[in-house]
Amino acid sequence: MKKRIAILGSTGSIGTRSLEIIENNSDIFEVEVLTANNNVELLIQQTRKFLPNAVVIANKDKYKVLADALDNIPVKVYAGSDAINQVVRMESVDMVLTAMVGYSGLIPTYYAVNSGKH
């Protein structure tokens with residue numbers, strides 16, 4: 001059974017490298033959630049490529065751009081830090097990779113661990 005991964009900070013260097021590893025090991029891993037802070041264009045590209053169940057843009061001002069670009073893809077689109085805290089607790093997520101800058105990743109990581117995620 002594939003491990004379903006949430007990548008918090010998928011547009012940064014650690015997140016993009018992690019997606020390369022997932023792509024090269026697609027028999028083992030599957031992208032369930034992608035999040036980004038501001039880089040909405042790269043998040044759109046990643047979503048189209050990996051077809052996760054949900055995506056979150058932390059910057060709420062970029063929500064409409066993201067939602068409009070993905071309106072023809074069956075993906076749930078959310079915005080804001082509270083949404084990130086929610087998606088890490090989704091039952092469909094097996095593992096959470098936190099690649100967010102500084103303190104911003106602390107609270108969602110806490111929620112992930114508290115929810116029994118690896």
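The values are calculated or read from the model by the stated rules, or taken from the named source; none is laboratory data. Note that the coordinates shown come from a computational prediction; the quantities given were computed from them, not determined experimentally. So basically every Cβ, Gly included, is an ideal-geometry build from the backbone, and we count neighbours across all protein chains shown. To get the accessible areas, we keep the full protein, side chains included, count just its heavy atoms, and leave off ligands, DNA and RNA. Shrake-Rupley method; radii C 1.70, N 1.55, O 1.52, S 1.80 Å.
Across segment 70-80, the qualifying residues are those that are in contact with a strand residue (DSSP E or B) (Cβ under 9 Å, 6 or more places away or on another chain) and not basic (Lys, Arg), and the one among them that is most open to solvent (accessible area, probe 1.4 Å) is Asp71. Taking each residue of segment 88-115 that is free of Cβ contacts under 8 Å to residues at least 40 places away in the same chain and looking for partners that are in a helix (DSSP H, G or I) and open to solvent by less than 60 Å² (accessible area, probe 1.4 Å) with beta-carbon atoms closer than 8 Å, six or more apart or interchain, yields Arg89/Ala112; Ile107/Asn85; Tyr111/Asn85. Screening Asp27 with (1) touching a residue at least 12 places away in the same chain (Cβ under 8 Å); (2) surrounded by fewer than 16 Cβ atoms within 10 Å (Cβ to Cβ); (3) closer than 22 Å to Ser104 by Cβ gives one miss only, at (3). Taken over segment 50-64, residues that are surrounded by 18 or more Cβ atoms within 10 Å (Cβ to Cβ) and either in contact (Cβ under 8 Å) with a residue 60 or more places away in the chain or more than 18 Å from Ser81 (Cβ to Cβ) (or both) amount to 3. If you go through segment 12-43 and pick out every residue that is among the small types (Gly, Ala, Ser) and over 21 Å from Arg89 (Cα atoms), you end up with 3.
Restricting to segment 86-106, what's the tally of residues that are assigned to a helix (DSSP H, G or I) and crowded, with 17+ Cβ neighbours inside 10 Å? Spell out the reasoning first.
Narrowing segment 86-106 to residues assigned to a helix (DSSP H, G or I): 86-87, 102-106.
Now drop any that are not crowded, with 17+ Cβ neighbours inside 10 Å, which leaves 87, 105.
So the answer is 2.
Taken over segment 17-36, the criterion of being of a type in the set (Gly, Ala, Ser) and closer than 16 Å to Val56 by Cα is satisfied by Ala36 alone. Only one of the numbered conditions (1) modelled with pLDDT under 95; (2) under 22 Å from Ile44 (Cα atoms); (3) of a type in the set (Gly, Ala, Ser) is not met by Ser92, and that is (1). Scanning segment 30-49 for residues that are open to solvent by less than 50 Å² (accessible area, probe 1.4 Å) and not β-branched (Val, Ile, Thr) returns Glu32, Leu34, Ala36, Leu42, Leu43, Gln46. If you go through segment 107-118 and keep only what is touching an Asp or Glu at 6+ places or on another chain (Cβ under 8 Å) and either surrounded by fewer than 16 Cβ atoms within 10 Å (Cβ to Cβ) or among the hydroxyl-bearing types (Ser, Thr, Tyr) (or both), you end up with just His118.
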